[in-house]
Amino acid sequence: HRNLLSCEELSAPEINFLLDLADDAADRNRKINKKRDVLSGRTLINLFFEASTRTQASFELAAKRLSADVMNMTVSSSSVQKGETLIDTAVTLNAMRPDIIVVRHHAAGAVELLSQKVDCSVINAGDGAHQHPTQALLDALTIRRAKGRISGLTVAICGDILHSRVARSNINVLNALGANVRVIAPSTLLPSAPERFGAEVYTDMWKGITDADVVMMLRLQIERMQGSHIPSTREFFHFFGLDQEKLARAKPDALVMHPGPMNRGVEIASTVADHSRSVIREQVEMGVAVRMAVLEALARNLPQA
Ligand code: CP
């Protein structure tokens, strides 16, 4: 592949290849000297039209650990504010001859469109409610390292499924690797015909979480909701928030995951977020490793001198 746009395009062998590379990177990242020269002489641009802490920071660190030159484009102080379009912005940056552009955008499909207008590699760092491929890969790596396998595990993804690119990408990757995937949400936060995404659908959290090996909580994406459709956060927590009582229905060694950013007391209780079963910090650590693996894999397909 020249680009990484969607998990739908990844086969199980390709996912396992990336997870193996990322496993090595994760071990190396725990050593004092983390630097390799895989991307020496290459330039990576981070182009984020939406806010990010984890994804942007970890792409920057991953690229620097592989010796790339990194430029973070600050959209809020760019000529986008003067009305320059996404495509004109991308074509302008492409003229500066980067090798890889990492893009986050609020519109589903925007990153793929951009990839058709530039001649460097493009990585999707999240496009609307569509895809967030590196998030699903880092989640898979976190599960694989904690459980030793993914095949046969029951993974319950809970919360705002309707607006979640994380849920869509995870369903693709987890299904490809042989997990049983459940989604749990109120009917107002499910897409139409949710079965077509390839997961069992539950509107009762108590049932959906029962005997799960992994419980993955999602944030309510209030910024993508219209006024009257915004649920009461207190009511949401009562029915769909992960607390100790609901977690007790999952397997005794179930992992608790959250892609971040978390809203404590809305989709997850603080006691659960900080519980010994929580691997939320490991997810962040694996984020750097997975992004190093994706960059290394793409680097093999970049034009050589
Ligand atoms: N999980 C995730 O994408 O986090 P950020 O929005 O902070 O990048």
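The values are calculated or read from the model by the stated rules, or taken from the named source; none is laboratory data. Everything numeric here is computed off the predicted structure, so don't read it as measured data. We place every Cβ from the backbone using ideal geometry, glycine too, and count neighbours over all the protein chains shown. Ligands, DNA and RNA are excluded from the accessible area calculation, which covers all protein heavy atoms including side chains. Shrake-Rupley method; radii C 1.70, N 1.55, O 1.52, S 1.80 Å.
Can you give the charge dipole size of segment 185-266 about its Cα centre, rounded to the nearest 20 debye, using +1 on the beta carbon of Lys and Arg and -1 on the beta carbon of Asp and Glu?
220 debye
Give the angle, between 0 and 90 degrees and rounded to the nearest 10, that separates the Cα long axis of helix 280-299 from the longest principal axis of the Cα atoms of the chain.
30 degrees
Just to check I understand the Karplus step: with θ = phi - 60° and J = 6.51 cos²θ - 1.76 cosθ + 1.60, what whole-Hz values come out for segment 255-265, glycine and proline as x?
Once θ is set to phi - 60°, the couplings for segment 255-265 become 8, 10, 10, 7, x, x, x, 8, 10, 4, x Hz.
What lysines could a cross-link reach from K207, if we take a straight Cα to Cα line under 20 Å and drop same-chain neighbours fewer than 8 places away?
K246, K251
Considering the dipole of segment 1-76 built from charges on the beta carbon (Lys and Arg +1, Asp and Glu -1) around the Cα centre, which of Q56, A26, S67 is farthest to its positive end?
Ranked along the dipole, the leading option is S67.
To the nearest 20 Debye, how big is the dipole of the chain about its Cα centre, given +1 on the beta carbon of each Lys and Arg and -1 on that of each Asp and Glu?
Its charge dipole is roughly 600 debye.
Under the rule a/c < 1.5 gives rounded, and otherwise a/b versus b/c splits prolate from oblate, where does segment 1-49 land using the Cα gyration tensor?
Oblate, since a/c reaches 1.5 and b/c is not below a/b.
Let me make sure I get this right: for segment 26-122, a, b and c are the square roots of the gyration tensor eigenvalues over alpha carbons, sorted descending. Under 1.5 in a/c it's rounded, otherwise prolate if a/b > b/c, else oblate. Which is it?
prolate
By how many degrees, 0 to 90 and rounded to 10, does the Cα axis of helix 12-29 deviate from the longest principal axis of the chain?
Approximately 80 degrees, to the nearest ten.
Report, in degrees rounded to the nearest 10, the 0 to 90 angle that the Cα long axis of helix 165-176 makes with the longest principal axis of the chain.
With both axes taken from Cα atoms, the answer is about 80 degrees.
Please compute the net charge surrounding L141, taking Lys and Arg as +1 and Asp and Glu as -1 over other residues with Cβ under 10 Å from its Cβ.
Here the charged neighbours net out to -3.
Per the helix-only calculation at 222 nm, which mean residue ellipticity applies to the chain, given -39500 (n - 2.57) for every DSSP H run of n ≥ 4 and division by its residues, nearest 500 deg cm²/dmol?
Theoretical 222 nm ellipticity from helices: -11000 deg cm²/dmol.
If you average the alpha carbon positions of segment 129-174 and of segment 27-84, how far apart do those two centres end up, in angstrom?
Going from one Cα centre to the other spans 23 Å.
Could you order the peptides 4-11, 178-185, 248-255 from most to least packed, using the average number of other C-beta atoms within 10 Å per residue?
178-185, 4-11, 248-255
What full-extension length gain, to one decimal in nm, is calculated for S52 and K34 as 0.36 nm per residue of separation minus the Cα-Cα distance?
Length gained between S52 and K34: 4.1 nm.
What order, most packed first, do the peptides 136-142, 157-163 have when packing is the mean number of other Cβ atoms within 10 Å of each residue?
Highest to lowest by the protection proxy: 136-142, 157-163.
What ranking, highest mean first, results for peptides 87-96, 20-29 when packing means the other Cβ atoms within 10 Å averaged over each residue?
20-29, 87-96
For the chain, what % of the accessible area comes from carbon and sulfur atoms, probe 1.4 Å?
Carbon plus sulfur share of accessible area: 50 percent.
Which aspartates and glutamates have a Cα less than 15 Å from the Cα of K35, not counting those fewer than 8 places away in the same chain?
D24, D27, E60, D69, E296
From the square roots a ≥ b ≥ c of the eigenvalues of the alpha-carbon gyration tensor of segment 127-189, which class results: rounded (a/c under 1.5), prolate (a/b over b/c), or oblate?
Oblate, since a/c reaches 1.5 and b/c is not below a/b.
Would you mind getting the accessible area per residue of the chain, heavy atoms of the protein chains only, 1.4 Å probe, in Å²?
43 Å²
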